[in-house]
1. Given the conditions (1) at pLDDT below 95; (2) within 16 Å of the ligand (Cβ to nearest atom); (3) of a type in the set (G, A, S), which single one is not true for A59?
2. I'm trying to understand the selection: among the residues of region 49-76, which are among the β-branched types (V, I, T) and either in a strand (DSSP E or B) or within 22 Å of Y141 (Cβ to Cβ) (or both)?
3. Given the condition within 10 Å of the ligand (Cβ to nearest atom) and modelled with pLDDT of 95 or more, answer yes or no: does some residue in region 115-124 qualify?
4. What do you reckon, is G137 surrounded by fewer than 19 Cβ atoms within 10 Å (Cβ to Cβ), closer than 30 Å to V54 by Cα and near the ligand (Cβ under 10 Å from one of its atoms)?
5. Considering each residue of region 87-129, count those that are closer than 23 Å to N195 by Cβ and of a type in the set (F, W, Y), and give that number.
6. Those residues that are within 12 Å of the ligand (Cβ to nearest atom) and either of a type in the set (G, A, S) or in a strand (DSSP E or B) (or both), I need them from region 77-100; list them, please.
7. When the residues of region 28-58 are filtered to those that are without any contact (Cβ under 8 Å) to a residue 40 or more places away in the chain and within 20 Å of the chain's Cα centre (by Cα), which remaining residue is farthest from Q159 (Cα to Cα)?
Amino acid sequence: MRIAIAGAGAMGGRFGDMLSHDNQEVILIDRWEANLKAINTRGLIVNVSGTEHVDQIVAVQPAQVDPSEHFDLVIMFTKAMQLDAMLTDIKPILHDDTMVLTLANGIGNVETIEKYVPKENIIAGVTTWSAGLDSAGYISYGGEGIVQMQAVETGKANQVDQIVEVMNSAGLNVTLTDDAIEAIWRKAALNAVLNPLCTLLNCNIGNLGKTTTFSAMMDEILAEFQQVADAMHVPFDVTKTRNLILAQLPDEANGTHYPSMHQDMLSKRPTEIDYLNGYVARQGESRHIPTMVNRLITQEIHAMEQLVQGN
Ligand code: NAD
């Protein structure tokens, strides 16, 4: 299968590495010139539990891809706030039969992709695979994971089944689900609790969970998610989400882990806050639902981004 991965950071690199090792024809598309240069001169270096291998994979700027080239699948692995710009750039290679998959975090990615691609060509979901970007052209694998995904509309079942087969052959543990939107909201709500609170309080997940105010903060964030989800007719279950969050707290789960937003802040990079708490705050505002908690958290994270970036 011909696969383009748009966004060649930690996750794009990991999926690209796994798929190309399974003999799929993969190219990476990225806008970060230093990353492209590193990958094209010495290969993508992949660190798996301390052992490195080099993946000779082609990486190009969006404008370098010939529009007549045909890809069966494009996997979007930018950060949520880079998605629109990347789709604008790669629009010439999105043909009628090109399927587009998003597994990025945050809410609203499907709406963004729908501006460029018919709904029946979009597959959306969540993944628990993880990876880190150590430097340009150098990634480290996190632990093992799974992918749960669903076509946004029926109509391309054959293509979807083929994609699942190819991804599973590469070891990506994919299952089709009938509740991808619920899974996306649940993961976003988990991230909306753990990411900004650990970032603002400069602590890991376990220590956040040990504070006496954690439970109340979590419940206030989730209550607003529930109200907005109800108004948008999106299935959302606070109890399930709460249990999922609590399961992350022990050290043997993710207690010692600092969420990616904390890392983004340390690296002075923009965060995905507008697609987590910020999404719920915006949707709440436009529907006259009070979402003060998520709005304040969004404002605090944006203020922190400006302070660390020296703006
Ligand atoms: P990433 O930051 O590693 O890469 C995303 C994009 O940013 C890539 O195009 C990359 O080239 C670019 N980029 C990274 N550093 C840059 C720099 N210094 N200068 C210029 N460009 C730079 O993001 P990721 O971790 O691969 O995440 C992609 C999506 O997947 C996000 O929505 C994320 O939340 C989600 N996700 C990540 C993980 C994980 O373990 N990393 C797990 C599940 C979901």
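The values are calculated or read from the model by the stated rules, or taken from the named source; none is laboratory data. None of the values given here were measured: they were computed from a predicted structure. For neighbour counting, all protein chains shown are included, and Cβ atoms are generated from backbone atoms with ideal geometry for every residue, glycine included.
1. Answer for A59: the failing condition is (1).
2. T51, V54, I57, V58, V60, V74, I75
3. No: region 115-124 contains no residue that is within 10 Å of the ligand (Cβ to nearest atom) and modelled with pLDDT of 95 or more.
4. Spelling it out, it is not the case that G137 is surrounded by fewer than 19 Cβ atoms within 10 Å (Cβ to Cβ), closer than 30 Å to V54 by Cα and near the ligand (Cβ under 10 Å from one of its atoms).
5. 1
6. A80, A85
7. Here the answer is D30.
For (1) of a type outside the set (S, T, N, Q); (2) touching a Phe, Trp or Tyr at 6+ places or on another chain (Cβ under 6 Å); (3) within 19 Å of F236 (Cα to Cα), each residue gets a yes or a no:
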{"site": "V126", "(1), (2), (3)": "yes, no, yes"}
{"site": "A157", "(1), (2), (3)": "yes, no, no"}
{"site": "L194", "(1), (2), (3)": "yes, no, yes"}
{"site": "C203", "(1), (2), (3)": "yes, no, no"}
{"site": "T211", "(1), (2), (3)": "no, no, no"}
{"site": "F214", "(1), (2), (3)": "yes, no, no"}
{"site": "M217", "(1), (2), (3)": "yes, no, yes"}
